[in-house]
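What follows is a short report on a single structure.
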Amino acid sequence: MSSPQPLLSEMAVRAAAVAHEPRPTCPCGAATLADRADGTVVRHGDTVAKAHAPDTDPGELQVRLDTAARRTDVFVAPLTRTAVPLHGRLVSFWPYGDPVDPDDPDAAPWEAAATLLALLHRTPLTPGLPVMRGPLKAARAVARLQAEASGHPAVGPVLRAWSALPDWARGETPTPATGTVCHGDLHLGQLVRLPGDTGWRLIDVDDLGVGNPAWDLARPAAWFACGLLGSDEWGRFLNAYRAAGGPAVPADGDPWPALDVPARALTVQTAARMVTKALADGRSLDDVETCVVDACARMPSVPAQLTHQRAT
């Protein structure tokens, strides 16, 4: 669902004011980078305004913004320390950074992503930091699948894989092994480079919180398990995380006892989103989407610890 035009217009005005303070007008214009129910993003020059989801808790968002502002070696720091209310949404302001090039997979910064995660996972807890929202996002993706794609043939395998997960991975009970600061929604789209800076930083604090750090490694692990990420790339990511002292997996040996359940949950979440989107687009599943759904179909019969056997 698109955001109302008054919100987009006001976001552009506010972004311009932040970008060109104290001169609030300029000729560089604004562009909408994303417009989803869970986040609307408008860019003006080198400034980005983000309208967070309508149900965002102001206190929780403030703690998340404070954490990003404190860990500028990990996150892009917000330009303003507080979000402002606009048309029923909270809006925060950020510097624009260049994203990972989706057309050059060989240049994907796996080592940088892993190192940033390890640094984040070793961050002392910020008082009041809420629970990491990864399992909640997975549950919402499955709920949307049930509501919008109930007749699709892929729904059954996805829901069976979901029901086989433990309660905590479905967001129904507290996550075990909490106490670590986690990003909550790590993927390559969450990395950017600021102008004049050669290093990568994380963006998007909406799901940041206290939880099980294995969740942040689970999406690359799921891609590897499904055969969508090569063993070389997975090895680079895992080795870099371990070299930086990341606590989510043992320093050596088999990482899958820690990663298995989160990787399964992220596989289900990914499949649910893919099926819902394909149905909304009025098309059949493509090869990648079919691969992820097939992985869900295998899960209930594949013993834990063996899900990392890559699809052929």
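Just subtract the alpha-carbon distance of R70 and L125 from 0.36 nm times their residue separation and send over the number in nm, one decimal.
That works out to 18.7 nm of additional length.
Once fully extended, how much extra length lies between A147 and D254, figured as 0.36 nm per residue of separation less the alpha-carbon to alpha-carbon distance?
Residue separation times 0.36 nm, minus the Cα-Cα distance, leaves 34.7 nm.
Percent antiparallel among DSSP beta bridges with both residues in the chain, to the nearest 5?
95 percent
Quick one: how many Å² of K277 are accessible to a 1.4 Å probe, rounded to 10?
Spelled out: K277, probe radius 1.4 Å, area about 120 Å².
Pop out the ³J(HN,Hα) list for segment 101-112 in order, Karplus 6.51 cos²θ - 1.76 cosθ + 1.60 with θ = phi - 60°, rounded to Hz; leave Gly and Pro as x.
Listing the rounded values in order: 6, x, 8, 10, x, 5, 9, 4, x, 4, 5, 5 Hz.
Take D55, D66, D106 and sort them by solvent-accessible surface of the protein heavy atoms, 1.4 Å probe, largest at the top.
Listed by decreasing accessible area, they come as D106, D55, D66.
Could you please put R219, R273 in sequence from largest to smallest accessible area, using a 1.4 Å probe?
The ordering from most to least exposed comes out as R273, R219.
Can you pull the accessible area of T82 for me, 1.4 Å probe, Å² to the nearest 10?
Its heavy atoms expose roughly 70 Å² to the probe.
I'd like to check one number: the per residue accessible area of the chain, probe 1.4 Å, reported in Å² as a whole number.
Accessible area per residue, the chain: 45 Å².
Would you please give the residues with an amide H less than 5 Å from that of L79, counting only those at least 5 places away or on a separate chain, with H modeled from the backbone geometry?
Answer set, sorted by chain and number: F93, W94.
Could you sort R81, R64, R71 by their accessible area in this structure, using a 1.4 Å probe and putting the largest first?
Listed by decreasing accessible area, they come as R81, R71, R64.
Could you tell me the accessible area of T56 in Å² (1.4 Å probe, neighbours in place), rounded to the nearest ten?
The accessible area comes out at roughly 30 Å².
Could you calculate the contour length gain from D46 to A243, that is, 0.36 nm times the residue separation minus the distance between their Cα atoms, to one decimal place in nm?
67.5 nm
What is the Cα convex hull volume of the chain when expressed per residue in Å³?
143 Å³
For segment 71-144, what is the charge dipole size about the Cα centre, in debye to the nearest 20, if Lys and Arg each add +1 at the Cβ and Asp and Glu each add -1 at the Cβ?
800 debye
Considering only protein heavy atoms and a probe of 1.4 Å, how much of the accessible area of the chain is carbon and sulfur, as a whole percent?
Answer for the chain: carbon and sulfur cover 55 percent of the accessible area.
The values are calculated or read from the model by the stated rules, or taken from the named source; none is laboratory data. Given the structure is predicted, the values throughout are model-derived calculations rather than measurements. Neighbour counts are summed over all protein chains in view; Cβ atoms, including those assigned to glycine, are modelled from backbone coordinates with ideal geometry. Accessible surface is based on the protein model in full, side chains and every heavy atom, while ligands, DNA and RNA are left aside. Shrake-Rupley method; radii C 1.70, N 1.55, O 1.52, S 1.80 Å.
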